[in-house]
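Below is one structure, written out as C-alpha coordinates; comments come after it.
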Amino acid sequence: MKNSFLIFTVVLTTACAAEFNPDLGGIDGSEASGEAGTADTGDGDGSTGDGDGSTGDGDGSTGDGDGSTGDGDGSTGDGDGSTGDGDGSTGDGDGSTGDGDGSTGDGDGDGDIELNCGSGTAEPNEVCYLQPYVIGDIEYSDAVLVSDFDGDNHTDAYVHEEVDSMSTMFLGDGAGGFVAAGTAPFCTLDGTTSMRLGDFNSDGIDDVVAFNGYSVCITLLDGAGGQLGAGNQYLGLDAPQELQVGDIDGDGNFDDIVVVDISSANVHVFEGLDAGVVDLASSSIPAVPPPSALAVGDLDGDGRTDVVALSGGTGKVTLFLGGSDATLSETATYNAGPSSDLAVGDVNGDGLPDVVVVSDGLDSVLVFPNIGGGELGSLYSVGGAGGSTLVVGHMNGGASEDVATAGGVFIGTPSGLLDQLAGLSQFNNMFKNRVSLGDFNEDGVQDFLVGTMVVLSNP
(Lines give C-alpha, C1' and ligand atoms only; values in the text may rest on other atoms or scores of the structure.)
Protein backbone atom coordinates (compact mmCIF):
# COMPACT_ATOMS: atom_id res chain seq x y z
CA MET A 1 0.00 0.00 0.00
CA LYS A 2 1.06 3.57 -0.22
CA ASN A 3 2.90 5.12 2.63
CA SER A 4 0.68 6.27 5.44
CA PHE A 5 1.79 9.05 7.69
CA LEU A 6 1.29 9.43 11.42
CA ILE A 7 -0.77 12.50 12.05
CA PHE A 8 -0.17 15.02 14.81
CA THR A 9 -1.55 18.43 15.77
CA VAL A 10 -0.39 22.04 15.84
CA VAL A 11 -2.09 25.36 16.57
CA LEU A 12 -0.90 28.14 14.28
CA THR A 13 0.24 31.37 15.82
CA THR A 14 1.17 32.96 12.49
CA ALA A 15 -1.21 33.46 9.59
CA CYS A 16 -0.09 34.31 6.06
CA ALA A 17 -2.87 35.13 3.66
CA ALA A 18 -0.68 35.33 0.54
CA GLU A 19 -0.70 32.87 -2.33
CA PHE A 20 2.21 30.49 -2.92
CA ASN A 21 4.45 31.20 -5.87
CA PRO A 22 6.84 28.28 -6.49
CA ASP A 23 9.17 30.53 -8.50
CA LEU A 24 9.86 32.56 -5.40
CA GLY A 25 9.86 29.61 -3.05
CA GLY A 26 7.65 31.34 -0.52
CA ILE A 27 4.91 33.92 -0.09
CA ASP A 28 4.31 36.26 -3.04
CA GLY A 29 6.29 39.41 -2.58
CA SER A 30 8.46 37.99 0.17
CA GLU A 31 11.60 38.12 -1.96
CA ALA A 32 13.59 41.19 -2.95
CA SER A 33 13.56 41.84 -6.69
CA GLY A 34 16.44 42.98 -8.90
CA GLU A 35 18.70 42.20 -11.79
CA ALA A 36 20.91 39.17 -11.91
CA GLY A 37 23.90 39.59 -9.71
CA THR A 38 22.01 41.59 -7.10
CA ALA A 39 22.31 40.66 -3.47
CA ASP A 40 19.82 40.62 -0.64
CA THR A 41 20.11 42.56 2.58
CA GLY A 42 23.17 41.39 4.38
CA ASP A 43 25.25 41.01 1.18
CA GLY A 44 28.88 40.04 1.78
CA ASP A 45 30.17 43.46 0.78
CA GLY A 46 27.29 45.89 1.02
CA SER A 47 24.07 46.21 2.86
CA THR A 48 21.63 46.20 -0.06
CA GLY A 49 21.80 45.95 -3.80
CA ASP A 50 23.64 45.31 -6.99
CA GLY A 51 27.05 43.83 -7.61
CA ASP A 52 27.90 46.90 -9.66
CA GLY A 53 25.27 49.45 -8.66
CA SER A 54 25.31 52.39 -6.34
CA THR A 55 23.82 50.65 -3.33
CA GLY A 56 25.86 47.86 -1.89
CA ASP A 57 28.14 48.55 -4.91
CA GLY A 58 31.63 47.24 -5.34
CA ASP A 59 32.86 50.68 -6.41
CA GLY A 60 30.04 53.11 -5.60
CA SER A 61 29.60 55.54 -2.81
CA THR A 62 27.03 53.57 -0.83
CA GLY A 63 27.93 50.01 0.01
CA ASP A 64 31.21 50.95 -1.74
CA GLY A 65 34.34 48.87 -1.69
CA ASP A 66 36.14 51.81 -0.19
CA GLY A 67 33.36 54.06 1.05
CA SER A 68 31.96 54.65 4.44
CA THR A 69 28.64 52.83 4.05
CA GLY A 70 28.67 49.19 3.03
CA ASP A 71 32.44 49.78 2.84
CA GLY A 72 35.11 47.12 2.76
CA ASP A 73 36.37 48.63 5.97
CA GLY A 74 33.47 50.82 7.05
CA SER A 75 30.90 50.45 9.72
CA THR A 76 27.75 49.56 7.75
CA GLY A 77 27.64 46.69 5.27
CA ASP A 78 31.32 46.49 6.08
CA GLY A 79 33.64 43.54 5.58
CA ASP A 80 34.24 43.69 9.29
CA GLY A 81 31.49 46.03 10.48
CA SER A 82 28.24 45.47 12.23
CA THR A 83 25.62 45.42 9.44
CA GLY A 84 25.92 43.30 6.32
CA ASP A 85 29.24 42.40 7.83
CA GLY A 86 31.39 39.36 7.18
CA ASP A 87 31.37 38.76 10.89
CA GLY A 88 28.71 41.15 12.16
CA SER A 89 25.23 40.60 13.44
CA THR A 90 23.04 41.29 10.37
CA GLY A 91 23.72 39.68 7.00
CA ASP A 92 26.67 38.25 8.82
CA GLY A 93 28.88 35.33 7.88
CA ASP A 94 28.17 33.94 11.31
CA GLY A 95 25.42 36.22 12.59
CA SER A 96 21.73 35.73 13.06
CA THR A 97 20.13 37.20 9.90
CA GLY A 98 21.26 36.37 6.38
CA ASP A 99 23.83 34.36 8.21
CA GLY A 100 26.14 31.66 6.93
CA ASP A 101 24.85 29.48 9.74
CA GLY A 102 22.08 31.61 11.17
CA SER A 103 18.35 31.35 11.09
CA THR A 104 17.16 33.52 8.18
CA GLY A 105 18.65 34.49 4.84
CA ASP A 106 19.43 33.58 1.25
CA GLY A 107 22.51 31.58 2.19
CA ASP A 108 23.11 30.08 -1.26
CA GLY A 109 22.04 33.06 -3.39
CA ASP A 110 19.30 31.16 -5.21
CA GLY A 111 16.64 33.77 -4.51
CA ASP A 112 14.91 31.70 -1.83
CA ILE A 113 14.86 32.80 1.80
CA GLU A 114 15.93 29.86 3.94
CA LEU A 115 15.09 29.40 7.62
CA ASN A 116 17.32 27.69 10.20
CA CYS A 117 19.95 27.28 7.52
CA GLY A 118 23.21 28.91 6.58
CA SER A 119 24.49 27.88 3.16
CA GLY A 120 20.99 27.37 1.78
CA THR A 121 21.68 23.65 1.45
CA ALA A 122 21.17 21.35 4.39
CA GLU A 123 24.43 20.07 5.82
CA PRO A 124 24.48 16.59 7.42
CA ASN A 125 23.44 17.98 10.81
CA GLU A 126 21.30 20.85 9.61
CA VAL A 127 17.80 21.40 8.28
CA CYS A 128 16.60 24.18 5.98
CA TYR A 129 13.09 25.47 5.29
CA LEU A 130 11.58 27.91 2.84
CA GLN A 131 9.18 30.64 3.87
CA PRO A 132 5.81 29.18 4.99
CA TYR A 133 2.71 29.79 2.89
CA VAL A 134 -1.03 29.15 3.22
CA ILE A 135 -2.94 26.83 0.88
CA GLY A 136 -6.50 27.55 2.01
CA ASP A 137 -8.75 29.73 4.13
CA ILE A 138 -9.83 27.45 6.97
CA GLU A 139 -10.44 29.04 10.33
CA TYR A 140 -9.38 26.14 12.53
CA SER A 141 -8.49 22.65 11.38
CA ASP A 142 -8.70 19.84 13.90
CA ALA A 143 -7.38 17.04 11.66
CA VAL A 144 -5.13 16.81 8.61
CA LEU A 145 -4.19 13.86 6.41
CA VAL A 146 -1.57 13.51 3.68
CA SER A 147 -1.63 10.94 0.85
CA ASP A 148 -1.99 10.65 -2.94
CA PHE A 149 -5.78 10.70 -2.91
CA ASP A 150 -6.38 11.19 -6.66
CA GLY A 151 -3.81 8.75 -8.08
CA ASP A 152 -1.61 11.25 -9.95
CA ASN A 153 1.53 10.34 -7.94
CA HIS A 154 1.59 13.73 -6.21
CA THR A 155 0.98 14.17 -2.49
CA ASP A 156 -2.38 15.73 -1.60
CA ALA A 157 -3.77 17.13 1.65
CA TYR A 158 -7.09 16.70 3.40
CA VAL A 159 -8.10 19.22 6.06
CA HIS A 160 -11.07 18.93 8.41
CA GLU A 161 -12.41 22.16 9.94
CA GLU A 162 -13.63 21.96 13.51
CA VAL A 163 -15.95 24.99 13.58
CA ASP A 164 -18.48 23.88 10.94
CA SER A 165 -17.29 20.25 10.55
CA MET A 166 -16.47 20.86 6.88
CA SER A 167 -13.71 19.02 5.05
CA THR A 168 -11.63 20.19 2.09
CA MET A 169 -9.35 18.34 -0.30
CA PHE A 170 -6.26 20.15 -1.59
CA LEU A 171 -4.67 18.49 -4.62
CA GLY A 172 -0.88 18.75 -4.84
CA ASP A 173 0.96 19.51 -8.08
CA GLY A 174 4.29 17.96 -7.06
CA ALA A 175 6.02 21.35 -6.97
CA GLY A 176 4.71 22.50 -3.59
CA GLY A 177 1.52 24.05 -4.94
CA PHE A 178 -2.04 23.05 -4.04
CA VAL A 179 -5.48 23.60 -5.53
CA ALA A 180 -8.62 23.34 -3.41
CA ALA A 181 -10.81 20.65 -4.96
CA GLY A 182 -13.94 21.19 -2.90
CA THR A 183 -15.41 19.05 -0.17
CA ALA A 184 -13.63 15.73 0.20
CA PRO A 185 -15.65 12.51 -0.19
CA PHE A 186 -14.84 11.29 3.30
CA CYS A 187 -17.37 10.60 6.00
CA THR A 188 -16.82 12.44 9.27
CA LEU A 189 -18.58 12.44 12.61
CA ASP A 190 -19.91 15.22 14.78
CA GLY A 191 -17.11 16.23 17.09
CA THR A 192 -14.39 14.49 15.04
CA THR A 193 -11.22 14.50 17.13
CA SER A 194 -8.81 12.64 14.88
CA MET A 195 -8.46 10.96 11.50
CA ARG A 196 -6.08 8.21 10.42
CA LEU A 197 -5.10 6.42 7.23
CA GLY A 198 -5.37 2.67 6.79
CA ASP A 199 -6.17 0.01 4.20
CA PHE A 200 -9.53 -1.37 5.31
CA ASN A 201 -10.40 -3.40 2.19
CA SER A 202 -6.97 -4.83 1.28
CA ASP A 203 -6.70 -3.13 -2.12
CA GLY A 204 -3.40 -1.34 -1.45
CA ILE A 205 -5.08 2.10 -1.48
CA ASP A 206 -5.21 4.38 1.55
CA ASP A 207 -8.61 4.63 3.20
CA VAL A 208 -9.67 7.03 5.96
CA VAL A 209 -11.07 6.45 9.43
CA ALA A 210 -12.59 9.33 11.40
CA PHE A 211 -12.98 9.14 15.17
CA ASN A 212 -15.08 11.27 17.51
CA GLY A 213 -14.43 9.48 20.80
CA TYR A 214 -17.34 7.04 20.54
CA SER A 215 -17.69 5.91 16.92
CA VAL A 216 -15.49 5.36 13.89
CA CYS A 217 -16.46 6.23 10.34
CA ILE A 218 -14.47 4.37 7.66
CA THR A 219 -14.38 5.65 4.08
CA LEU A 220 -13.05 3.28 1.41
CA LEU A 221 -11.26 5.25 -1.32
CA ASP A 222 -10.86 4.30 -4.98
CA GLY A 223 -7.44 5.90 -5.45
CA ALA A 224 -8.75 8.34 -8.05
CA GLY A 225 -10.23 10.98 -5.79
CA GLY A 226 -13.52 9.19 -5.12
CA GLN A 227 -14.89 6.66 -2.70
CA LEU A 228 -16.12 3.09 -2.89
CA GLY A 229 -18.28 3.31 0.19
CA ALA A 230 -18.47 4.53 3.77
CA GLY A 231 -20.04 3.55 7.03
CA ASN A 232 -20.16 4.27 10.76
CA GLN A 233 -19.55 1.80 13.56
CA TYR A 234 -20.21 2.50 17.22
CA LEU A 235 -17.35 1.09 19.27
CA GLY A 236 -19.34 0.60 22.46
CA LEU A 237 -16.69 2.00 24.81
CA ASP A 238 -17.48 4.29 27.74
CA ALA A 239 -14.75 6.90 27.35
CA PRO A 240 -12.51 6.13 24.36
CA GLN A 241 -9.68 8.36 23.21
CA GLU A 242 -6.38 8.10 21.33
CA LEU A 243 -7.00 6.09 18.17
CA GLN A 244 -4.20 4.57 16.09
CA VAL A 245 -4.20 2.17 13.11
CA GLY A 246 -1.75 -0.66 12.42
CA ASP A 247 -1.27 -4.26 11.35
CA ILE A 248 -1.53 -5.85 14.79
CA ASP A 249 -2.30 -9.35 13.46
CA GLY A 250 0.40 -9.30 10.78
CA ASP A 251 -1.90 -10.08 7.84
CA GLY A 252 -0.31 -7.38 5.69
CA ASN A 253 -3.14 -4.87 6.00
CA PHE A 254 -3.12 -1.71 8.10
CA ASP A 255 -6.72 -2.20 9.19
CA ASP A 256 -6.59 -2.92 12.93
CA ILE A 257 -7.78 -0.04 15.14
CA VAL A 258 -6.23 0.55 18.57
CA VAL A 259 -8.16 2.68 21.07
CA VAL A 260 -7.65 3.62 24.72
CA ASP A 261 -10.74 3.54 26.97
CA ILE A 262 -9.89 5.74 29.94
CA SER A 263 -13.03 4.65 31.83
CA SER A 264 -12.02 0.97 31.99
CA ALA A 265 -8.25 1.68 31.78
CA ASN A 266 -7.93 -0.74 28.86
CA VAL A 267 -6.30 -0.66 25.45
CA HIS A 268 -8.63 -2.22 22.86
CA VAL A 269 -7.85 -3.71 19.44
CA PHE A 270 -10.65 -3.81 16.83
CA GLU A 271 -9.47 -6.20 14.13
CA GLY A 272 -10.05 -5.24 10.50
CA LEU A 273 -12.29 -7.58 8.52
CA ASP A 274 -11.14 -6.61 4.99
CA ALA A 275 -14.50 -5.16 3.99
CA GLY A 276 -14.31 -1.64 5.39
CA VAL A 277 -15.50 -2.72 8.83
CA VAL A 278 -13.86 -3.83 12.05
CA ASP A 279 -14.71 -6.64 14.44
CA LEU A 280 -16.55 -4.99 17.32
CA ALA A 281 -15.74 -7.98 19.55
CA SER A 282 -12.46 -6.33 20.45
CA SER A 283 -9.59 -7.77 22.42
CA SER A 284 -8.37 -5.67 25.32
CA ILE A 285 -5.54 -5.45 27.80
CA PRO A 286 -5.32 -3.42 31.02
CA ALA A 287 -3.25 -0.24 31.00
CA VAL A 288 -3.01 1.48 34.38
CA PRO A 289 -3.00 4.41 34.65
CA PRO A 290 -4.88 4.93 31.36
CA PRO A 291 -2.55 6.09 28.57
CA SER A 292 -2.83 9.65 27.31
CA ALA A 293 -0.92 8.96 24.07
CA LEU A 294 -0.30 6.00 21.74
CA ALA A 295 2.28 5.34 19.04
CA VAL A 296 2.63 2.33 16.74
CA GLY A 297 5.48 0.58 14.95
CA ASP A 298 7.12 -2.84 14.54
CA LEU A 299 9.53 -2.68 17.46
CA ASP A 300 10.52 -6.36 17.55
CA GLY A 301 10.81 -6.92 13.79
CA ASP A 302 8.26 -9.72 13.50
CA GLY A 303 6.13 -8.02 10.86
CA ARG A 304 3.33 -7.13 13.26
CA THR A 305 2.56 -3.67 14.58
CA ASP A 306 3.37 -3.07 18.23
CA VAL A 307 1.96 -0.35 20.48
CA VAL A 308 3.74 2.04 22.84
CA ALA A 309 1.52 3.76 25.41
CA LEU A 310 2.35 6.84 27.49
CA SER A 311 0.61 7.61 30.77
CA GLY A 312 1.64 11.24 30.71
CA GLY A 313 1.03 12.29 34.29
CA THR A 314 3.20 9.52 35.72
CA GLY A 315 5.57 9.20 32.77
CA LYS A 316 4.97 5.45 32.53
CA VAL A 317 5.83 4.10 29.06
CA THR A 318 4.40 0.64 28.32
CA LEU A 319 5.39 -1.58 25.40
CA PHE A 320 2.68 -3.90 24.02
CA LEU A 321 3.69 -6.41 21.34
CA GLY A 322 1.20 -7.41 18.65
CA GLY A 323 0.06 -11.02 18.22
CA SER A 324 -1.22 -13.01 15.24
CA ASP A 325 -4.73 -13.08 16.70
CA ALA A 326 -4.89 -9.25 16.88
CA THR A 327 -4.15 -9.21 20.59
CA LEU A 328 -1.59 -7.24 22.57
CA SER A 329 0.73 -8.49 25.28
CA GLU A 330 2.52 -6.21 27.73
CA THR A 331 6.25 -6.93 27.73
CA ALA A 332 7.95 -4.06 29.57
CA THR A 333 7.43 -0.70 31.23
CA TYR A 334 9.78 2.27 31.38
CA ASN A 335 9.80 5.63 33.16
CA ALA A 336 10.12 8.89 31.26
CA GLY A 337 8.86 11.23 33.99
CA PRO A 338 5.92 13.60 33.39
CA SER A 339 5.50 13.77 29.61
CA SER A 340 2.91 14.83 27.06
CA ASP A 341 3.41 12.86 23.86
CA LEU A 342 5.46 10.14 22.17
CA ALA A 343 6.27 8.82 18.71
CA VAL A 344 8.13 5.93 17.09
CA GLY A 345 10.95 6.43 14.58
CA ASP A 346 14.47 5.31 13.69
CA VAL A 347 16.49 8.30 14.91
CA ASN A 348 19.90 6.61 14.68
CA GLY A 349 19.52 4.89 11.31
CA ASP A 350 20.13 1.34 12.53
CA GLY A 351 16.89 0.01 11.06
CA LEU A 352 15.17 -0.34 14.43
CA PRO A 353 12.37 2.06 15.41
CA ASP A 354 13.15 3.96 18.61
CA VAL A 355 10.69 5.58 21.03
CA VAL A 356 10.80 9.37 21.37
CA VAL A 357 9.03 11.24 24.18
CA VAL A 358 8.36 14.93 24.83
CA SER A 359 9.19 15.66 28.46
CA ASP A 360 7.16 18.23 30.38
CA GLY A 361 9.38 18.28 33.44
CA LEU A 362 12.70 18.56 31.60
CA ASP A 363 11.36 20.65 28.69
CA SER A 364 13.32 18.41 26.35
CA VAL A 365 13.10 15.40 24.07
CA LEU A 366 13.82 11.95 25.51
CA VAL A 367 14.86 8.88 23.52
CA PHE A 368 14.55 5.20 24.37
CA PRO A 369 16.82 3.51 21.78
CA ASN A 370 15.61 0.19 20.39
CA ILE A 371 18.23 -2.46 21.22
CA GLY A 372 16.45 -5.28 19.37
CA GLY A 373 14.12 -8.08 20.30
CA GLY A 374 11.37 -5.72 21.36
CA GLU A 375 13.47 -4.17 24.13
CA LEU A 376 14.35 -0.53 24.74
CA GLY A 377 17.70 0.68 26.05
CA SER A 378 18.65 3.36 28.52
CA LEU A 379 16.89 6.69 28.26
CA TYR A 380 18.83 9.77 27.16
CA SER A 381 17.81 13.41 26.97
CA VAL A 382 18.41 15.82 24.08
CA GLY A 383 18.27 19.60 24.02
CA GLY A 384 16.37 22.05 26.12
CA ALA A 385 13.22 22.75 24.12
CA GLY A 386 10.35 20.31 24.17
CA GLY A 387 6.71 21.12 23.59
CA SER A 388 3.39 19.38 23.97
CA THR A 389 3.72 17.08 20.96
CA LEU A 390 6.18 15.95 18.32
CA VAL A 391 6.42 14.54 14.80
CA VAL A 392 9.05 12.18 13.37
CA GLY A 393 10.23 11.91 9.76
CA HIS A 394 13.05 12.45 7.25
CA MET A 395 13.43 16.23 7.28
CA ASN A 396 16.96 16.78 5.94
CA GLY A 397 17.66 13.85 3.64
CA GLY A 398 19.73 11.82 6.10
CA ALA A 399 19.35 8.09 6.70
CA SER A 400 18.12 8.67 10.25
CA GLU A 401 14.71 10.09 11.04
CA ASP A 402 14.49 13.53 12.62
CA VAL A 403 12.17 14.95 15.27
CA ALA A 404 10.29 18.27 15.31
CA THR A 405 8.64 19.86 18.34
CA ALA A 406 7.39 23.33 19.12
CA GLY A 407 10.89 24.09 20.41
CA GLY A 408 12.82 23.12 17.31
CA VAL A 409 14.09 20.36 15.06
CA PHE A 410 16.31 17.58 16.39
CA ILE A 411 18.49 15.91 13.74
CA GLY A 412 18.87 12.13 13.71
CA THR A 413 22.43 10.78 13.34
CA PRO A 414 24.10 7.35 13.76
CA SER A 415 24.95 8.35 17.32
CA GLY A 416 21.37 9.45 18.06
CA LEU A 417 19.53 12.75 18.12
CA LEU A 418 21.47 16.02 18.14
CA ASP A 419 20.46 19.18 20.01
CA GLN A 420 17.68 21.13 18.38
CA LEU A 421 17.94 23.86 15.79
CA ALA A 422 15.87 26.97 16.36
CA GLY A 423 12.15 26.39 15.98
CA LEU A 424 9.72 28.14 13.64
CA SER A 425 6.92 30.30 14.98
CA GLN A 426 4.46 28.17 13.00
CA PHE A 427 5.22 25.27 15.36
CA ASN A 428 4.38 27.11 18.59
CA ASN A 429 1.66 25.68 20.85
CA MET A 430 1.68 22.29 19.14
CA PHE A 431 -1.30 20.03 19.74
CA LYS A 432 -2.28 16.68 18.30
CA ASN A 433 -3.73 15.90 14.87
CA ARG A 434 -3.00 19.20 13.13
CA VAL A 435 0.42 18.54 11.61
CA SER A 436 1.40 15.98 9.01
CA LEU A 437 4.47 15.24 6.91
CA GLY A 438 4.68 14.73 3.15
CA ASP A 439 7.09 15.42 0.30
CA PHE A 440 5.01 18.14 -1.35
CA ASN A 441 7.69 19.37 -3.78
CA GLU A 442 9.19 15.93 -4.48
CA ASP A 443 12.76 16.79 -3.52
CA GLY A 444 13.29 13.66 -1.44
CA VAL A 445 12.69 15.11 2.03
CA GLN A 446 9.47 15.50 3.99
CA ASP A 447 7.75 18.85 4.38
CA PHE A 448 5.25 20.08 6.98
CA LEU A 449 1.53 20.68 6.68
CA VAL A 450 0.50 22.65 9.77
CA GLY A 451 -3.25 23.14 9.51
CA THR A 452 -3.33 24.86 6.10
CA MET A 453 0.22 26.24 6.40
CA VAL A 454 2.90 24.52 4.32
CA VAL A 455 6.56 24.68 5.34
CA LEU A 456 8.83 23.18 2.66
CA SER A 457 12.11 21.53 3.59
CA ASN A 458 15.00 22.61 1.37
CA PRO A 459 17.69 19.91 1.09
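The values are calculated or read from the model by the stated rules, or taken from the named source; none is laboratory data. Computed from a prediction, not measured in an experiment: that's the story for all the values here. To get the accessible areas, we keep the full protein, side chains included, count just its heavy atoms, and leave off ligands, DNA and RNA. Shrake-Rupley method; radii C 1.70, N 1.55, O 1.52, S 1.80 Å.
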Accessible area per residue in Å² at 1.4 Å probe, computed on the stretch 263-316
35 Å²
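Any number yet on Rg/Rh for the stretch 270-334, C-alpha, Kirkwood? Provide the component values of the computation, followed by the final result.
Details: Rg = 12.6 Å, Rh = 12.7 Å.
Across the stretch 270-334, the Cα-based Rg/Rh ratio is 1.00.
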Whenever you get a sec, line up 234, 133 from highest to lowest accessible area (probe 1.4 Å, protein heavy atoms).
234, 133
With all protein chains in place and a 1.4 Å probe, residue 262 shows an accessible area in Å² (nearest 10) of 70 Å²
How large is the accessible surface of residue 190 in square angstrom, using a 1.4 angstrom probe and rounding to the nearest 10?
130 Å²
Distance between the stretch 227-280 and the stretch 165-190 - C-alpha centres, whole angstrom
24 Å
For residue 271, what accessible surface area do you get with a 1.4 Å probe? Give it in Å², rounded to 10.
60 Å²
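Whenever you get a sec, compute what percent of the accessible area on the stretch 200-267 sits on carbon and sulfur atoms (1.4 Å probe).
On the way: 960 of 2130 Å².
That share works out to 45 percent.
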Just reorder 299, 418 by solvent-accessible area, largest first, 1.4 Å probe, all chains present.
418, 299
Based on the alpha-carbon set only, what is the convex hull volume of the stretch 237-362 divided per residue, in Å³?
98 Å³
Accessible-area composition of the stretch 273-421, carbon plus sulfur, in percent [1.4 Å probe]
52 percent
